[in-house]
Amino acid sequence: MSRLAFQLEKNASGTRARAARFTTLHGEVRTPVFMPVGTQATVKNMNAAGLREIGSQVLLANTYHLLLRPGPEVFKKFGGIHRFMGWDRPVLTDSGGFQIFSLPHSRVMTEEGAEFRSYVDGELHHLSPESSIAMQRAIGSDIMMVLDQCIPSTADHATTEAAMHLTHRWAERSLRAREDSPQALFGIVQGACHRDLRLRSADYLRRLPFDGLAIGGLAVGETHAERYEFTGIVTAELPENLPRYLMGVGTPIDILEAVHRGVDMFDCIIPSQLAQRGTAFTSHGKIHCRRAVYKFSEEPLDARCTCSTCRTHPRAYIHHLIKSDETLGWQLLAHHNIAFYHQLMAEMRAAILDDTFAAYYERQRIALVRDDEANPPVHPAPARPRRIPTLGDYDIHLSACGTFSSIRQLSSGEVMHSVSAPEEEAKRLYITQSRLAQRLLRRHPDDLEPLVIWDVGLGAASNAMAALRCAEEQLATHGPAALRPLHIVSFECDLDPLTLAARHAQFFPHLRHPAPPALLRDSSWSDPASQIRWTLHHGDFLALFEATPAPDLIFYDPFSAKTDTGLWTSDVFARIHRHCDARPAEFYTYSAATAVRVALLRAGYYVAEGVGTGPKASTTVAFTHPAPSGHPARLLGPDWLGRWSRSHAKYPPDLAESDHSAFELRITQHPQFACPVVP
């Protein structure tokens, strides 16, 4: 029987989000809950009174660090951690498994446990499942964690399976070591990014008499998309009647995504750690308080926040403290950041209980990724003018949140970058994901061949300018001798969107640069060092691209298949593939449509899931040759094939019914499905 008297209060409709409550030795906990990290019996820059004031329900402390200092004897003398640190609410203790993982050169792992030297005095220590539980019993935490073997989430299958089995054996030893202690004990599901191992681990541990189950081994190397995927895989297999804890996660958006997938409990050092870097989380995005824009600001950090930092101090004062390296600045930001996390959890709980979480999730998954560097307050988007500027079939569209502008096509109603700021989406989807900054660095002295980008669908030049800015930053950092030249080739049949945006650059910060006017005037632009070249091919892409040198990267951003049907067919993709045959190319696009992915597969590409952006959970990456080693995108695998087999877009609309069987065989026998994991 559970020591926590767990009570599930509500499952929200259209989502796995849930609200619950349970009772520990030191009081009730209401979920979803965020646990501030007090590694060494203290939350950095906070005291117990401040944590109570902002509504902290549970604190996390770490067995490994407290074993080394002050040691078990101190806790035995004080009767546990609560009296020692002056905290009368629940405490959860991590077992020390992650800290052992983070010391690969200072420990020896065996079946018995881990042997390591203290970073305090060099003394040799041994941490086993039994000694970890003994230390946690001395600490007197309300919830103890089993000792587990944590490994990188990107580890291979054999290594992961061995670590999983060791974690299971240690879990059983931890249960035996607890004996009759009234403290609760959680097991930890492992399995890295291997679906079969995660399912086996969850099934094994749910059969043991734990009081709750945690998901370990995430936020240690995987992509955000993988983190969300494997969180959902595990929660679907965990018992409804036990709390679920995602260890070490994370940012506000990570927490929102995990609650959406059924997680109840979280911890992370991020709110305290980023406070020391001068960063605040707010209801309108992250604020970097070092920025000069805040020097004279009389606003609070967050007008919606009621914490003492926001009630008392303007942004200008916080900016001054951070620039002066005053510890008070870190304390004020830590106080606010943790209060923001608690308020976020309270909002999610209220939305679950009101059964409005699905709508709340859709709003917040956009709001929580905003950043003042993506939407600089120094140049806020002006209010919509009385007369909306237009040119031809286009006008300027102001976002719903009023922080950025886009170009809208009047005839179709399609908006270029309708949810995320154009610069933000371009950077995330095309620049960061393609690793452009790294690719521009020369691998050897005679590597002088230009890196070629095809920018298909110039629009208002968001993607091309993001690439140009990236190259300029690399030039400023490394100098031209360390870089390959960059050649951006933009294809566009209608220049009205860029012309309209350039005429009203006050709405489009990315166009405040000499390159766009030169491109419109001369169809080309080069930087003074001739390191960056941007050329325009004005006309029909299908008539022009085969006379253009093959690219390294393709940023494929025309209007959707609904509007630009002719650019999204398998025949077009096959023509591009043939043109790039001698030069491996990577293809990036915002679309995650099954029809687009299957058209790329049919054309011979290796197709992967790309990062999410705006409201899209994922995008698409494709390779003309097998994916390069180390690329973060994950190839579509058997799960996708299963979804495709049930899709209404299984076959191209122009494919005769008599050809369906041959088409299906071509997709299922694609080489990538014989080896679905990107190395």
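Conditions (1) over 18 Å from the mean Cα position of the chain (by Cα); (2) more than 19 Å from Ile576 (Cα to Cα); (3) charged (D, E, K, R), marked per residue:
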| site | (1), (2), (3) |
| --- | --- |
| Phe587 | yes, no, no |
| Ala599 | yes, no, no |
| Ala608 | no, no, no |
| Ala627 | yes, no, no |
| Leu641 | yes, yes, no |
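Name every residue in the stretch 196-229 that is in a helix (DSSP H, G or I) and in contact with a helix residue (DSSP H, G or I) (Cβ under 6 Å, 6 or more places away or on another chain), in order of residue number. Please lay out each step first, then the result.
Looking only at the stretch 196-229, we keep the residues that are in a helix (DSSP H, G or I), and these are 196-206, 224-229.
Matches in the stretch 196-229: Leu197, Arg198, Ser201, Ala202, Tyr204, Tyr228.
Sort through Ala61, Ala19, Ala5 and tell me the only one that's hydrophobic (A, V, I, L, M, F, W, C), in a strand (DSSP E or B) and either in contact with a His (Cβ under 7 Å, 6 or more places away or on another chain) or closer than 16 Å to Leu242 by Cβ (or both). Show your work before the answer.
Values: Ala61 fails: either in contact with a His (Cβ under 7 Å, 6 or more places away or on another chain) or closer than 16 Å to Leu242 by Cβ (or both); Ala5 fails: in a strand (DSSP E or B).
On inspection, the qualifying residue turns out to be Ala19.
Does the stretch 361-368 contain any residue that is buried (at least 22 other Cβ atoms within 10 Å of the Cβ) and of a type in the set (Val, Ile, Thr)?
no
Among the numbered conditions (1) surrounded by fewer than 23 Cβ atoms within 10 Å (Cβ to Cβ); (2) touching a Pro at 6+ places or on another chain (Cβ under 8 Å), tell me where Leu486 comes up short.
It is condition (1) that Leu486 fails.
This table checks each residue for (1) of a type in the set (A, V, I, L, M, F, W, C); (2) buried (at least 22 other Cβ atoms within 10 Å of the Cβ); (3) outside the structural domain of Glu257 (by TED's automatic domain parsing); (4) in contact with a Lys or Arg (Cβ under 8 Å, 6 or more places away or on another chain).
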| site | (1), (2), (3), (4) |
| --- | --- |
| Gly14 | no, no, no, no |
| Arg18 | no, yes, no, yes |
| Leu25 | yes, no, no, no |
| Glu28 | no, no, no, yes |
| Thr31 | no, yes, no, yes |
| Gln40 | no, no, no, yes |
| Asn47 | no, no, no, no |
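Just name the residue that is surrounded by the most Cβ atoms within 10 Å (Cβ to Cβ) out of those in the stretch 500-529 that are touching a Leu at 6+ places or on another chain (Cβ under 6 Å) and of a type outside the set (Gly, Ala, Ser).
Leu519
Enumerate the strands (runs of 3 or more DSSP E) found wholly within the stretch 248-326, keeping only those where 2 or more residues are β-branched (Val, Ile, Thr) and surrounded by fewer than 16 Cβ atoms within 10 Å (Cβ to Cβ).
Numbers: elements: 265-268, 279-282, 285-288.
Answer list for the stretch 248-326: none.
Among the residues of the stretch 494-513, is any assigned to a loop (DSSP other than H, G, I, E, B), within 22 Å of Thr432 (Cα to Cα) and more than 29 Å from the chain's Cα centre (by Cα)?
Yes: the stretch 494-513 contains one or more residues that are assigned to a loop (DSSP other than H, G, I, E, B), within 22 Å of Thr432 (Cα to Cα) and more than 29 Å from the chain's Cα centre (by Cα).
Test of understanding: among Ala518, Ala471, Ala543, which residue is part of a helix (DSSP H, G or I), in contact with a strand residue (DSSP E or B) (Cβ under 6 Å, 6 or more places away or on another chain) and more than 20 Å from Glu586 (Cα to Cα)? Let's see the steps before the verdict.
On the way: Ala471 fails: more than 20 Å from Glu586 (Cα to Cα); Ala543 fails: in contact with a strand residue (DSSP E or B) (Cβ under 6 Å, 6 or more places away or on another chain).
Being part of a helix (DSSP H, G or I), in contact with a strand residue (DSSP E or B) (Cβ under 6 Å, 6 or more places away or on another chain) and more than 20 Å from Glu586 (Cα to Cα) holds for just one of Ala518, Ala471, Ala543, which is Ala518.
Got a sec? Which strands (runs of 3 or more DSSP E) wholly within the stretch 83-176 have at least 3 residues that are within 33 Å of the chain's Cα centre (by Cα) and at pLDDT 95 or above? I'd like the intermediate steps shown before the answer.
Working: elements: 91-94, 107-109, 114-117, 124-127, 143-145.
Fully inside the stretch 83-176 and qualifying: 91-94, 143-145.
Please indicate, with yes or no, whether at least one residue in the stretch 65-78 is touching a strand residue (DSSP E or B) at 6+ places or on another chain (Cβ under 9 Å), of a type outside the set (Ser, Thr, Tyr), part of a helix (DSSP H, G or I) and touching a residue at least 60 places away in the same chain (Cβ under 8 Å). Show your work before the answer.
Within the stretch 65-78, the subset touching a strand residue (DSSP E or B) at 6+ places or on another chain (Cβ under 9 Å) is 66-68.
Filter once more, so that each one left must be of a type outside the set (Ser, Thr, Tyr): 66-68.
Next, from what is left, pick out any that are part of a helix (DSSP H, G or I): 66-68.
Among the residues that remain, those that are also touching a residue at least 60 places away in the same chain (Cβ under 8 Å) are: 66-67.
Yes, the stretch 65-78 has at least one match.
Is at least one residue of the stretch 526-533 charged (D, E, K, R), within 20 Å of Glu472 (Cβ to Cβ), out of contact with any Asp or Glu (no Cβ under 6 Å at 6 or more places or on another chain) and free of Cβ contacts under 8 Å to residues at least 24 places away in the same chain? Break it down stepwise before answering.
Our first condition is that a residue be charged (D, E, K, R); within the stretch 526-533, this holds for 527, 533.
Narrowing further to those that are within 20 Å of Glu472 (Cβ to Cβ): 527, 533.
With the extra rule that they be out of contact with any Asp or Glu (no Cβ under 6 Å at 6 or more places or on another chain), the set shrinks to 527, 533.
The next check asks that each one be free of Cβ contacts under 8 Å to residues at least 24 places away in the same chain; those that pass are none.
No, the stretch 526-533 contains no residue that is charged (D, E, K, R), within 20 Å of Glu472 (Cβ to Cβ), out of contact with any Asp or Glu (no Cβ under 6 Å at 6 or more places or on another chain) and free of Cβ contacts under 8 Å to residues at least 24 places away in the same chain.
When you go through (1) modelled with pLDDT under 95; (2) of a type in the set (A, V, I, L, M, F, W, C); (3) over 26 Å from the mean Cα position of the chain (by Cα); (4) in the same structural domain as Phe186 (by TED's automatic domain parsing) one by one for Met1, which number turns out not to apply?
Tallying (1) modelled with pLDDT under 95; (2) of a type in the set (A, V, I, L, M, F, W, C); (3) over 26 Å from the mean Cα position of the chain (by Cα); (4) in the same structural domain as Phe186 (by TED's automatic domain parsing), Met1 fails exactly one: (4).
Among the residues in the stretch 573-589, are any at pLDDT below 95 and in contact with a helix residue (DSSP H, G or I) (Cβ under 8 Å, 6 or more places away or on another chain)?
Checked the stretch 573-589: no residue is at pLDDT below 95 and in contact with a helix residue (DSSP H, G or I) (Cβ under 8 Å, 6 or more places away or on another chain).
When Ser570 is evaluated against the numbered criteria (1) under 30 Å from the mean Cα position of the chain (by Cα); (2) within 24 Å of Phe491 (Cβ to Cβ), which criterion, by number, is the only one it fails?
(1)
The values are calculated or read from the model by the stated rules, or taken from the named source; none is laboratory data. The structure displayed is predicted, hence computed values, not measured ones. Neighbour counts are summed over all protein chains in view; Cβ atoms, including those assigned to glycine, are modelled from backbone coordinates with ideal geometry.
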